[in-house]
Amino acid sequence: MKATDNLHRRYKHLFALPSAGTIILLSYISTLLVITIPNVIINVPSFKLITLITLSFIIVSILTLIERSITGKNTLCTSRRLLATSLFANIWWIISSIIGMILLQGQDHNQFFILGMFATISFRYIIIRTLFTERMRALIISSLQPILIAIITYNTWFPEILHNLESIIGGLLLLIGAIFYVYKIEESGSRVRLSPIELLKDFLEAWTSDEVESLEEFMEEESSETELETIFFKFKQNDDSIAIITNDIHPGPFYPVGSSNITAQIYNNLKQNKGISPMVLHGIVGHERNLPSQKQVQRYLQSLHKENIEGESKTSSKPITNKIGNVTVTGIKFDDSILLIITLAPYGMDDLPSNLKKTISNEAKKYGINKIMIVDAHNSESGFFGRKINEKDIQDIIKTSKKVIKNLQKSSQLKFKTGYSHSNNESRFKFDDDVGPGGISVIVFEINKKKFMLIGVDANNSVSELRGMIKEHFKNRAEIEICTSDTHVTAGKTMNIKGYNALGELTSTEELLKSLDILFKEAVKDLKLSSFEASSVKSRVKIMGKQIFENISGSVDKVSQIGKRFGIMLLSLYIIIITIVTIL
């Protein structure tokens, strides 16, 4: 989806800050340089210089705590981020002092020191006002530390600096430019009801601190209500039930906002409230079907008890697989219901186009199929710049699906057994962050003494070669298909170009295969003669739709354009002021 790719591109490096220890060290080093450069020029005694530096470190530490308290309850404003702001702002000060040394060769260098102080205040204001607090508090916080550092640096003769009117006037013009810069961003006009700065703050609070209330409230107001379908394919073993579930909800946009963790939430809801052993898979659905808030998620979960039974069977076909081009489709038929799984592995795949669901369903009806569950296996990542699904793939998906449906219609129906296992039922499984809280579920079908293992992983896609490795590993025991849920529990927060880690990137293949061996054995132990039931639930909830992403993305683009334009103007103003100060 173009809009979500754009938002990820804008924000993926926002919080790639070094560790707290590194930030503290670098911040102190930058303060040391700010003080040392002018004092070295005027040959301040070493002992006095060390005293000034020590005092400045104490003041920076105390002021950081004071600044943190002034911003109130803003969860974005941590000591680490305030120190990082000081670090990057001090670079302007250091550059100004060095320019003064070079251009004026030590004479009247304090003019550039003052100019650097105002450049530092201006930079700090832009960051602090944009991210942390309102105008007046931002101005106080931005000014306090640089002014005190300047007083410490020039000690008793600081008043002499105040005689450099050209530097002070130039510095004030720079600060006014920074204030106007932020004002223009605020008033730039947004395609949504929030100002761009408020939208950015809400987004970052949700992203960094899990404070989702403001962002979810905004997104819910911008969302529209619609009817969604959830399909259950249940396999009943006496008093126990195993269920494969797909729905019209997409996991997203990012954790913990909206339906980002919907797979694990459905799993827990059905396991605890209905005693069902669930496998939640990814349907044919895109990001426009994200739920905007946890309120809507809970509304959806509460609707799941209103099932409408649409088909029953005591028999099953053997799994049938066909391949055309890059597309592989596997299907199993239960009387007049079909489970269809689509993969492009080992070629890249992302969300399949939503209109495929209707196209394939209409084809199935021609063969007398009453209910079809279509699963997007989502098991072969394409990477951020990788291969995208093209028109030929779409046509091959339709052709292959039709072929499988046609072959299933001719196939024999046989008694079947099912067995279930899940990684969350035991503590011995050790997965990394490429496996979400929904864990790994396995369903083994045994039909005419042949086994088919369906693997469902709560993950955001998988590395392209993983499916082939698993098939090879189990080739003498069972046919397999692996599917991921496209969970967005960690989406966007991973500092790689994709914004997520696919299954197999963090958890080793060896660990996954060892875990699947255990889960396969457990599911085989659980094999029992089963009957089938197809049911569905209609839920009315709000979804985000395409427009909200396009509006937010458009606002971000507009702010970025204004920011770049005024950023160039500020830099030009800085250069002009330096030139005037040098000439005068």
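Given Ala264, Pro18, Ile151, which one lies farthest toward the positive end of the charge dipole of the chain, if we put +1 on the Cβ of every Lys and Arg and -1 on the Cβ of every Asp and Glu? The listed residue farthest towards the positive side: Ala264. Helices in the chain, meaning DSSP H runs of at least 4 residues, each add -39500 (n - 2.57). Divided by all residues, the mean residue ellipticity at 222 nm is -17000 deg cm²/dmol.
First measure r as the distance between the Cβ atoms of Ile66 and Lys184, then evaluate 1/(1 + (r/R0)^6) with R0 = 22 Å and state the FRET efficiency to the nearest 0.05. Computed FRET efficiency for Ile66 and Lys184: 0.15.
Sparse packing (at most 10 other Cβ atoms within 10 Å of the Cβ) combined with a DSSP loop state is found for the following trypsin sites (Lys or Arg not before Pro) in the range 62-157: Lys73. Taking the Cα atoms of the range 262-395, the ratio Rg/Rh between the radius of gyration and the Kirkwood radius comes to 0.98.
Here the extension length gained between Glu391 and Lys546 equals 53.7 nm, from 0.36 nm per residue of separation less the Cα-Cα distance.
Here the simple spin-label model places points 7 Å from the Cα toward Cβ, and for Ile151 and Thr579 these points are separated by 3.6 nm. Other residues whose C-beta falls under 10 angstrom from the C-beta of Phe429 contribute a net charge of +1, scoring Lys and Arg +1 and Asp and Glu -1.
Since only Ile128, His422, Asn238 are under comparison, the one whose Cα sits farthest along the positive direction of the charge dipole of the chain, derived from C-beta charges on Lys, Arg, Asp and Glu, is Asn238.
Short-range pairs are left out: with C-alpha atoms under 8 Å and at least six residues apart, the relative contact order of the chain is 17 percent. Bridges between two residues of the range 224-543, per DSSP, are antiparallel at a rate of about 75%.
Here the label points at Lys358 and Gln272, each 7 Å from Cα along the C-beta direction, are separated by 3.7 nm in the simple model.
Annotation: the antiparallel percentage among DSSP beta bridges lying fully within the range 162-298 is about 55. Of all beta bridges that DSSP places with both ends in the chain, some 75 percent have antiparallel geometry. Rounded to the nearest 0.05, the FRET efficiency derived from the C-beta distance between Glu511 and Leu172 at R0 = 51 Å is 0.25. For the chain, evaluate the Debye formula with one uniform point scatterer on each Cα (no solvent term) and list log10 I(q)/I(0) at q = 0.08, 0.09, 0.13 Å⁻¹, rounded to two decimals. The computed values of log10 I(q)/I(0) come out as -0.66, -0.76, -1.21.
Which pairs break 22 Å Cα to Cα here: Lys271/Lys357; Lys323/Lys388; Lys274/Lys450; Lys306/Lys415; Lys333/Lys417; Lys388/Lys542? Those over the limit are Lys271/Lys357; Lys274/Lys450; Lys306/Lys415; Lys388/Lys542.
Considering all projection directions equally, how large on average is the shadow of the alpha-carbon convex hull of the range 224-543, in square nanometres?
Its average projected convex-hull area is 14.7 nm².
Over all orientations, the range 357-430 has a Cα convex hull whose mean projected area works out to 8.6 square nanometres. The distance linking the range 306-337 with the range 25-75 is 69 Å (Cα centroid to Cα centroid, whole angstrom). When the square roots of the Cα gyration tensor eigenvalues are ordered a ≥ b ≥ c, the ratio a/c for the range 291-356 is 1.5 or more and a/b does not exceed b/c, which makes its shape oblate. FRET efficiency for the pair Lys449 and Gln409, taken as 1/(1 + (r/R0)^6) with r the Cβ-Cβ distance and R0 = 30 Å, rounds to 0.80.
Taking 0.36 nm per residue of separation and subtracting the Cα-Cα distance, full extension of the segment from Lys471 to Asn425 would add 14.1 nm.
Computed from the coordinates by the stated procedures, all read-outs in this text should not be read as laboratory data. Computed from a predicted model, the values in this text were never measured in an experiment. Positions of Cβ are backbone-derived with ideal geometry, glycine not excepted, and every protein chain shown enters the neighbour counts.
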